[in-house]
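Take this structure, written in structure tokens, and hold onto it; I'll ask about it next.
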Amino acid sequence: MKRTEIKELLGMEPSKELKIVKGWVRNKRGSKNVAFITLNDGSCFSSLQVVAAVEQAGQDLLARIHTGAALCVEGVLNPSRGAGQNVELEAKKITIYGEASPEEYPLQPKKHSLEFLREIAHLRFRTNTFGAVTRLRHAMIFAIHQYFHQNGFYNIHTPIITASDAEGAGKMFRVTTLDPASPPKDSNGKVDYREDFFGRETHLTVSGQLEAELAALALSKVYTFGPTFRAENSNTKRHLAEFWMIEPEVAFNDLDDNMDLAEDFLKFLMKYALDNCMEDLEFLEKRQTDAEKNLPAAQREEMSLIQKIRSVLDSQFQRINYTDAIHILKNSKPNKKKKFQFPINEWGADLQAEHERFLVEKHFKKPVIITDYPKAIKAFYMKQNPDDTVRAMDILFPGIGEIVGGSQREEEYHKLVKRMEEMAIDPKEMWWYLDTRKFGTVPHAGFGLGFERLMLFVSGMGNIRDVIPFPRTPQNAEF
Ligand code: 4AD
Ligand code: MG
């Protein structure tokens, strides 16, 4: 007989038909005559209540069952006597796959701190929180592919190992097979990468954009969804050294089209979460409210998680250019009262998280798209305006700050080469990228959505290390 998953079982009517359930014990309690075992198999948030009569299952076997043990239970579905569920499983036969010693198993049916759970990332999938986050993460991945497929985009795989630096921002991880203890040297005493695996210096990519552009200039609408790597030493709640990025790129789109696409895309994802993930969202919402109970009122979220997701879905994103944003920030209360760690004094300043959050959470109280940044603080490939700005756009979300970065691209060959030279990027190294501006160039635009930043928003989790199964951050690559 085949196993039935708990997700399916919980929707069934009571019946005398024998069922087989397999899963892990979350909790066991009981009396002299009967044991109540909460069994979870990850198929959904809820666990199944298993009722095992001591007489039937045997005292010895029941004594070996503790939190964390893996079981196979054969039984029948009865109407549930407890609240919250329609049915419970009356055990006829229990087999133990694997025991878990209560002295050693680190997860017990009580609240564990997220910090502690990070230290046991190999087991944290078995908690309510990480089960919910993992299912939600899957749902968002699926929704992303569905959105693009539905809208005529083609998914392309862009390389993970690259010889170019797309963003020119931050450090990259080197990829090499040279012996670090005695690398070959050239006549100047520098490491001779001609002898390295690829015959040149290579790194892990920071973005799939440059290659996505090549494909967009033939297939019109493409997107990549891959891992990206940044070797910045940023120990914040919003930065990972290895994260996943969704990068659509569309030929013939300008910056307005790009903003429309990003807004529509993000709202689709919000709606998908609300329509498909309610059980997990309700748990995550409660988790967040409980966690905030101990905080002073001012630090608590104004809206609950589900309200927040809904409010993004219902809002029209505020579109504002950098120059106007600076004006607002310069005249803002926190700036005047010197509350910002980085005061805004003049045009040209890069926006820090505190400024982004002020605009989103205090000033506009909805997602904000900032456009037309100074070219000095943005990447070489962005379309140049007649002044010193570029056709960039950053989307800022409540509680997160920057969630999307994108732009219209510079499609004019000479302007692009000039900008590269100004920024000390060798046009010869990027001949293939420049070729697209020589042959059939067209206006085009795209953006990158940080997948874990999106996950922070929809899960209500506070730390990016808790929305990816195995976070990679400075000094941390244990699992
Ligand atoms: O703004 P970024 O650097 O843009 C790009 O890489 C462009 N090539 C995208 C494009 O136009 N195709 O990164 C895009 C997004 C950010 O808005 C942020 O959400 C996320 O990626 N991100 C990070 N997420 C987690 N950890 C980090 N260290 C991140 N750096 C960027
Ligand atoms: Mg950015």
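Readers should treat all values here as calculations from the given coordinates under stated rules, not as data from a laboratory. Computed from a prediction, not measured in an experiment: that's the story for all the values here. So basically every Cβ, Gly included, is an ideal-geometry build from the backbone, and we count neighbours across all protein chains shown.
For residue 185 and residue 155, calculate 0.36 nm times their separation in residues minus their Cα-Cα distance, and state this gained length in nm to one decimal.
Working it through step by step, the gained length comes to 6.7 nm.
Right, something else. Within a Cβ distance under 12 Å of residue 52, other residues only, what is the Lys/Arg minus Asp/Glu net charge?
That works out to 0.
The range 357-417: D in µm²/s via Stokes-Einstein (Kirkwood Rh, Cα pairs, 37 °C, 0.692 mPa s)?
The calculation lands on 266 µm²/s.
What is the packing order of peptides 434-441, 18-25, 95-102, taking the mean over residues of other C-beta atoms within 10 Å and listing the highest first?
Sorting 434-441, 18-25, 95-102 by mean packing, highest first, produces 18-25, 434-441, 95-102.
Simple spin-label model, 7 Å along Cα-to-Cβ: residue 432 to residue 198 in nm?
Here the modelled spin labels are 0.9 nm apart.
Can I ask one more? How many times 2.2 N^0.38 Å is the alpha carbon radius of gyration of the range 146-264?
Here the answer is 1.31, to two decimals.
Over all directions, what mean area does the Cα convex hull of the range 212-279 project, stated in square nanometres?
Dividing the Cα hull surface by four gives the mean projection, 6.8 nm².
Past 25 Å, Cα to Cα, is the threshold; run 271/365; 375/438; 286/338; 32/92 against it and keep the listed order.
286/338
What does the charge add up to near residue 223, with Lys and Arg as +1, Asp and Glu as -1, over the other residues with Cβ less than 14 Å from its Cβ?
Around residue 223, the surrounding residues sum to -4.
Which three lengths, in whole Å and largest first, does the range 1-155 cover when its Cα atoms are put on their principal axes?
So the three principal-axis extents are 61, 39, 29 Å.
Moving to a separate point now. Mind ordering 236-245, 191-200 by average Cβ neighbours within 10 Å, highest first?
Output ranking for 236-245, 191-200: 236-245, 191-200.
Still on this model: Say R0 is 22 Å: what FRET efficiency, to the nearest 0.05, do residue 387 and residue 362 get from their beta-carbon distance?
Given R0 = 22 Å and the Cβ-Cβ separation, E is 0.15.
A further question follows. Which whole number of Å³ per residue matches the convex hull of the alpha-carbon atoms in the chain?
It is 198 Å³ per residue.
How many nm separate the modelled label positions at residue 278 and residue 260, each set 7 Å beyond the Cα in the direction of the Cβ?
3.3 nm
Oh, and also: Around residue 154, which amide H atoms from residues at least 5 apart in sequence, or from another chain, sit under 5 Å from its own amide H, with H modelled in the peptide plane?
Correct list: 221, 222, 223.
On to the next question. How fast does the range 417-463 diffuse by Stokes-Einstein, in µm²/s, taking the Kirkwood radius from C-alpha pairs at 37 °C and 0.692 mPa s?
234 µm²/s
Hull surface divided by four, with the convex hull built on the Cα atoms of the range 384-424: how many nm²?
3.7 nm²
Using per-residue counts of other Cβ atoms within 10 Å, averaged over each peptide, order 402-411, 346-355, 293-302 from highest down.
With the highest mean Cβ count within 10 Å placed first, the list reads 402-411, 346-355, 293-302.
Can I ask one more? If you plug each phi of the range 80-88 into the Karplus form 6.51 cos²θ - 1.76 cosθ + 1.60 with θ = phi - 60°, what whole-Hz ³J(HN,Hα) values come out, in order, with x for Gly and Pro?
Each residue's phi maps through the Karplus curve to give 7, 8, x, 7, x, 9, 7, 10, 9 Hz.
Could you compute the net charge surrounding residue 288? Neighbours are other residues with a C-beta less than 13 Å from the C-beta of residue 288; K and R count +1, D and E count -1.
Charge balance in the 13 Å sphere: -3.
Related question: Assuming 1.306 mPa s and 10 °C, estimate D for the range 326-465 with Stokes-Einstein, Rh taken as the Kirkwood radius over Cα pairs, in µm²/s.
Rounded, D is 94 µm²/s.
Charges at C-beta only: +1 for Lys and Arg, -1 for Asp and Glu. How large is the resulting dipole of the range 19-149 about its Cα centre, in Debye rounded to 20?
Charge dipole of the range 19-149: 280 debye, to the nearest 20.
Among 427, 440, 476, which residue has its Cα furthest toward the positive end of the charge dipole of the range 409-479, with +1 on Lys/Arg Cβ and -1 on Asp/Glu Cβ?
Of the options given, the answer is 440.
Could you give the dipole magnitude of the range 251-304 about its Cα centre, charging the beta-carbon of Lys and Arg +1 and that of Asp and Glu -1, in debye to the nearest 20?
Roughly 420 debye, rounded to the nearest 20.
Okay, moving on. What whole-number value in cubic angstrom gives the convex hull volume per residue for the C-alpha atoms of the range 278-360?
118 Å³
Work out the length of the dipole vector of the range 1-70 about its Cα centre, built from +1 on the beta-carbon of each Lys and Arg and -1 on the beta-carbon of each Asp and Glu, and round it to the nearest 20 debye.
Computed charge dipole of the range 1-70: roughly 160 debye.
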